[in-house]
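As C-alpha cells, the structure follows; a few thoughts come after it.
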Amino acid sequence: MGQLINPTTTVLDPAETGFFTTRLESILAWAQKYSLFMYPFVTACCGMEFMAVSGPRYDFARFGSEAPRSSPRQSDLLWVVGTISQRQAPILRRIYEQMAEPRWVLAFGTCASSGGFYDNYTTVAGIDKIIPCDVYIPGCPPRPEAVLDGLMLLQDKIQSGDRRPSVVKPRFDPVTDPTLGLVQLRRPSQA
Amino acid sequence: MAQKLIELVRNEFSDSVLDSYSQHGDETVVIEPESWLALGKFLRDDPGCDMALLVDLTAVDYPQKTPRFEVVAHLASLRLGHRLRAKAAVGATDGTGAQIDSWSGLWGSANWAERECFDMFGVDFRGHPDLRRILLYPEFVGHPLRKDYPADRIQPLVAFRDAENIEKLPPFGPSEGMSFGRKTHDQWLTNRDAADDDL
Amino acid sequence: MEAPDIDLDTPSVTLDADPMLLKMGPAHPATHGTVRIIVELSGENIERADVQIGYLHRGFEKMCERGTWSQVFPYVDRCNYVSPLLNNVGYALACEKLLDLQVPLRCQYYRMMLGELARIADHLTCVSAMAMELGAFTPYLWMMKAREMVWDIFEEETGARLTHSFGRIGGMALPPTPGFTEHSQAVVTHVISVIGEAERLLLTNRIFLDRLENVGVMSADDAVSLGWTGPTLRASGIPYDVRKAHPYLRYGDVEFEVPVGVRGDCFDRFVVRLEEMRQSARIIAQCAERMPKDGPVNIDDPRIMLPAKDQVYDTIEGTIQHFKLVMEGIKLPAGEVYGYTEGGNGELGFYLVSDGSGTPHRVRIRPPSFYVTGGLESLITGQMIADVVPCFGSLNMIGGECDH
C-alpha cells in the first residue's frame, strides 16, 4: 500500500540536498526563488482562482511572486493557468520559447497538468506535451492553499536546483502515512 | 400565445411548412429549406411576428435520418413576448450537400451563429459574407459535432515533445469499463483508425 | 529672411498610408479571456477589426454526448465559470422543463439565492477587472476581498469555491446549511458597502469617466439585431430581463428592478452591473425571509433522484434505484426543449434533444457572451486602440461560455 502504480513524476522530498556546488549558486538560487517574475498565461476557470490567490486573502506576493510581467522576455516563471486547447498550443510554445533562461513552468490546475476531463479533439492533454513543466498543481480549480503549496515546492526546487517535474503532494499524505486513520479495506498480506 | 404565431406562419407558407407542434411549452415549425430565407424575412418584418431577436441558430445531427442535419433557429420577440423554434432539414446521409440560405442579412447575430454551425457540422450557408471556422483553427479537417467524428481524434498544431512519461493514460483499457448499460453514439463511428488510439 | 531652398508645399516624400495590422493576441494582459483581436490601424484609429475566438474551445457539446444527463453538470459549471451556479440552475431547469416537473418551494428559493450570489460574484469580477485594466488596481483588490466572502458562502453550502457542480435534475445536491440565510445576508450587506466604496473611488474620477463615457456606443436596434441580451442590452436601453419577461422559479414573486442604461456606452455597461448587484442583494434579502425553514429540497421521484445512502444500503429498492440512476443515467423522455434563464451575461439557454435513452443526443448551450462578443467588431471599429480595453472589458466575455 502506498506505492504509485506508474510513477510518472517524482515526489520531491524537501530534505534532499541540492545539486549546487558553489555558495554563489545557492545564493543566486535564493535570490531567484524569492523574486519570481511571473507570466500569467491565463485562459480559463483557474484564472478565477489565480485572481483569488493574487487577492488580499491568499496573497502570493508574500512569497516574492509579486510582479506579473506581460512580456515573456521579462519573466522567469510561466504560470499556465487553465485549459490549453490545440489552437492555443502554438501560442504557448512561442511564449515559452521567448522566455530567457533560467525559466520555470508551473502547471496550474488539472487541465494544464493533464487535460482535465476534456478528453476530446480540442484539448491538449497536459502542457508537458508541448513544454517542459516543473511543478504540477492539480485541482479543478485548485484551492489557493494548494497553489501556494505548489509555489513553495517550486521555490524548494529552485533552491535545490532540481529540474525533475514534480507534483504537489499533501504535507501529510494519507497514502503513505498509516497513522492518519485511513480505513484499511484489505489486510496487508492480501495487498 | 405563440399558437397565433404558428397560424400566421402556416397561412403565409402553407405549401412549405412540413410540420408544426407544441411541446413542453415551446412552439416549433418545420419548414422546407428552400423557404428558409423567406421565413426569416417574414418572422422579422411582419408586425404580427416582430421577431427582432434571433436567440440562437444551430444544427442537430440525426445520422439515421435523411436529410441528416436539422438547422434549428430560436427566435423571440421582445415587444410581443412570444418565441418560436424554426427547423429545416438539409444534407445527405454522408454529410454532403448540406446547404441552406444565410440569415446574416437579416440578423447580425446570425453571422457568428452560422459560422459556428459551419465549423461544427459543415452546413454551408449560402450568402454568408465570411463563412470560415470560428471555434476551431483553419487547419482542422472535419466537423467535430457530427456523430461520425470520434471525440478523441486530435489534430495537433504543435508536435508533441519527445520526452518520457508524458503519454495520456486512458481511463480504461480496451477490455475494461462498462460494456452494458447506456447507449452510446459509437455506432456511428465508421471511420475510426489506429491514429485515434494514440495519445 | 531668405526663402527656404525646398518647396514646402509639394511633398517630395510620400508616407506609407497602408493600415498597420496589429494582433492583440490571445495572450494579452488586458483582455481577461483568450481572444485574438486583429485590428487594422490608421494611426490610433481602428479601421477594421477581426475578433477571433475559440482559443478556449473545449468541446462542451461533444463531451455532453458521451455521458449521462447528470454528468453534464460539471461541464456546465465551467462554461460561465464566474457564476457557475447560474449555469447549474439553468441547465437543471431546462432538464426539468423536458420532464415537466417543478421542484419544491424550498429548492426554488434556494436556487434563487445561490443564483443571485453567483450573479454578484460575476459582476464583481467583471467590474473589478474592468477597473484594473484601466489602471485602477485598488477597487480590484477590494472587490476580490468581497468576492472571497461570497465564495465562502459557496464553500459552506456546496463544498467548493468555484465550479460547484451543485445542481441536480430535480433539486440540489444538498439542502441548505442551518446558518445559510444569516451568513448570506451578512455577506451581502458587506458586499454592498464594498461596492459603495469602489463607486466613490471610481465614479467621480475624471480620467475613469473620460475613458468610459461615449466609448463603444451600441444603439438599441443594433444590439437586438446582434443577439445581445443581459446587462449589455440593458445598457443600450432595452429593459429585457428573462427574470421579468418570462419569470421562472419565484422571480415573479419578489420585487426587484431592472437597471437600464441611457447611452449604451461602456460607462452604462459598467454602471448597470453595479446596480444589478444591488438588485440581487434585494432579491437575496427577500428570498431569505420567504424560504421555508424545513421541507424537502429535492423531488421525491425514484426515477430521477438518487435515494438516501442508508436506503441504498438497507433496502433493495434503494439499491436498484441507485444502480439504475448511476449506471444508465436519468432517462429523460424523447423530445426537445429550449430552457432559458438569466445568466450573468444575458439569456443563457439550453437546447436539449433527447432520444429517450440516458445519453443526450444533443446539448446545445446558447451562450450569451458568444453573441455579445460578436458585436465587438462593430463596437470598436472607428474607436482608438486604447478604447479596445474598456470596450472588451465591459462586454464581459467569459471564454468558457463564449467558446464552449
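The values are calculated or read from the model by the stated rules, or taken from the named source; none is laboratory data. Keep in mind the model is a prediction, meaning the values are calculated, not measured. In this analysis, Cβ positions are derived from the backbone assuming ideal geometry, glycine residues included, and neighbour counts consider all displayed protein chains.
Annotations
- With respect to being part of a loop (DSSP other than H, G, I, E, B), within 12 Å of chain C (Cβ to nearest Cβ), under 20 Å from C:GLY374 (Cα atoms) and touching a residue at least 12 places away in the same chain (Cβ under 8 Å), B:ARG132 fits the description.
- Candidates are the residues of the range A:95-123 that are at the interface with chain C (Cβ under 9 Å from one of its Cβ atoms) and not in a loop (DSSP other than H, G, I, E, B); the one that is nearest to A:TYR39 (Cα to Cα) is A:ILE95.
- Identification of helices (runs of 4 or more DSSP H) wholly contained in the range C:354-404 with 1 or more residues that are β-branched (Val, Ile, Thr) and in the same structural domain as C:PHE60 (by TED's automatic domain parsing) yields C:368-374, C:376-380, C:388-395.
Conditions tested, residue by residue: (1) facing chain A (nearest Cβ under 10 Å); (2) in contact (Cβ under 8 Å) with a residue 40 or more places away in the chain.
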{"position": "C:PRO74", "(1), (2)": "yes, yes"}
{"position": "C:LEU86", "(1), (2)": "no, yes"}
{"position": "C:GLU148", "(1), (2)": "yes, no"}
{"position": "C:GLU156", "(1), (2)": "no, no"}
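- Any hit, the range C:320-328, residues being among the polar types (S, T, N, Q) and away from chain B (no Cβ under 14 Å): yes
- C:GLY318 being over 17 Å from C:ALA94 (Cα atoms) and not in a loop (DSSP other than H, G, I, E, B): yes
- Test: residue in the range C:170-180 that is of a type in the set (Gly, Ala, Ser), under 30 Å from B:GLU27 (Cβ atoms) and either modelled with pLDDT of 95 or more or not assigned by TED's automatic domain parsing to the domain that holds C:VAL242 (or both): no
- The residue of the range B:66-121 that is farthest from the other protein chains (Cβ to nearest Cβ), among those that are touching a residue at least 60 places away in the same chain (Cβ under 8 Å) and charged (D, E, K, R), is B:ASP101.
- Evaluation of A:GLN98 against (1) crowded, with 20+ Cβ neighbours inside 10 Å; (2) over 15 Å from the mean Cα position of the chain (by Cα); (3) over 17 Å from B:ILE154 (Cβ atoms) (one fails), failing number: (1)
Residues are listed down the side, and each one gets a yes or a no for (1) in contact with a helix residue (DSSP H, G or I) (Cβ under 8 Å, 6 or more places away or on another chain); (2) basic (Lys, Arg):
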{"position": "C:TYR55", "(1), (2)": "yes, no"}
{"position": "C:LYS62", "(1), (2)": "no, yes"}
{"position": "C:PRO74", "(1), (2)": "no, no"}
{"position": "C:CYS95", "(1), (2)": "no, no"}
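- For the range C:293-306, the condition of being assigned by TED's automatic domain parsing to the domain that holds C:SER225 and on the phi > 0 side of the Ramachandran plot holds for at least one residue.
- Taken together, the residues in the range C:236-265 that are surrounded by 20 or more Cβ atoms within 10 Å (Cβ to Cβ) and without any contact (Cβ under 8 Å) to a residue 24 or more places away in the chain amount to 2.
- Residues of the range A:37-66 satisfying the condition of being assigned to a loop (DSSP other than H, G, I, E, B), away from chain C (no Cβ under 12 Å) and surrounded by fewer than 24 Cβ atoms within 10 Å (Cβ to Cβ): A:PHE37, A:GLY64, A:GLU66
- C:ARG119 being surrounded by 15 or more Cβ atoms within 10 Å (Cβ to Cβ) and within 14 Å of chain A (Cβ to nearest Cβ): no
- On the stretch given as the range B:57-109, residues that are farther than 27 Å from B:ASP46 by Cβ, surrounded by fewer than 23 Cβ atoms within 10 Å (Cβ to Cβ) and under 11 Å from the mean Cα position of the chain (by Cα) total 1.
- Residue among C:PRO302, C:PRO292, C:PRO296 that alone is touching a Cys at 6+ places or on another chain (Cβ under 9 Å), part of a loop (DSSP other than H, G, I, E, B) and either of a type in the set (Lys, Arg) or surrounded by fewer than 20 Cβ atoms within 10 Å (Cβ to Cβ) (or both): C:PRO296
- Condition met for C:LEU233 (buried (at least 20 other Cβ atoms within 10 Å of the Cβ), closer than 23 Å to C:GLY346 by Cβ and over 19 Å from the mean Cα position of the chain (by Cα)): no
- Matching residues, the range A:82-95, being out of contact with any helix residue (DSSP H, G or I) (no Cβ under 9 Å at 6 or more places or on another chain) and either crowded, with 23+ Cβ neighbours inside 10 Å or polar (S, T, N, Q) (or both): A:SER85, A:GLN86, A:ARG87, A:GLN88
- Residues that are within 10 Å of chain C (Cβ to nearest Cβ) and part of a loop (DSSP other than H, G, I, E, B) are absent from the range A:124-134.
- Matching residues in the range B:21-35 - criterion: being outside any loop (DSSP other than H, G, I, E, B) and either among the charged types (D, E, K, R) or under 28 Å from C:LYS97 (Cα atoms) (or both): B:TYR21, B:SER22, B:GLN23, B:ASP26, B:GLU27, B:THR28, B:VAL29, B:VAL30, B:ILE31, B:GLU34
- Condition check for B:PRO47: part of a loop (DSSP other than H, G, I, E, B) and either surrounded by 17 or more Cβ atoms within 10 Å (Cβ to Cβ) or in contact with a strand residue (DSSP E or B) (Cβ under 6 Å, 6 or more places away or on another chain) (or both): no
- Strands (runs of 3 or more DSSP E) enclosed by the range C:1-104 - at least 1 residues per element that are out of contact with any strand residue (DSSP E or B) (no Cβ under 8 Å at 6 or more places or on another chain), modelled with pLDDT under 90 and surrounded by fewer than 24 Cβ atoms within 10 Å (Cβ to Cβ): none
- Failed criterion for C:VAL260 (all others in (1) more than 19 Å from the chain's Cα centre (by Cα); (2) over 27 Å from C:LEU105 (Cβ atoms) hold): (1)
- Any hit, the range A:109-125, residues being within 24 Å of B:ASP152 (Cα to Cα), free of Cβ contacts under 8 Å to residues at least 40 places away in the same chain and of a type in the set (Asp, Glu): yes
Table: residues versus (1) in contact with a Cys (Cβ under 8 Å, 6 or more places away or on another chain); (2) within 30 Å of C:ASP222 (Cα to Cα); (3) within 9 Å of chain B (Cβ to nearest Cβ); (4) among the small types (Gly, Ala, Ser).
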| residue | (1), (2), (3), (4) |
| --- | --- |
| C:ASP310 | no, no, no, no |
| C:GLY335 | no, no, yes, yes |
| C:GLY346 | no, yes, no, yes |
| C:GLY356 | no, no, no, yes |
| C:ARG366 | no, yes, yes, no |
| C:PHE370 | yes, yes, yes, no |
| C:THR373 | yes, yes, yes, no |
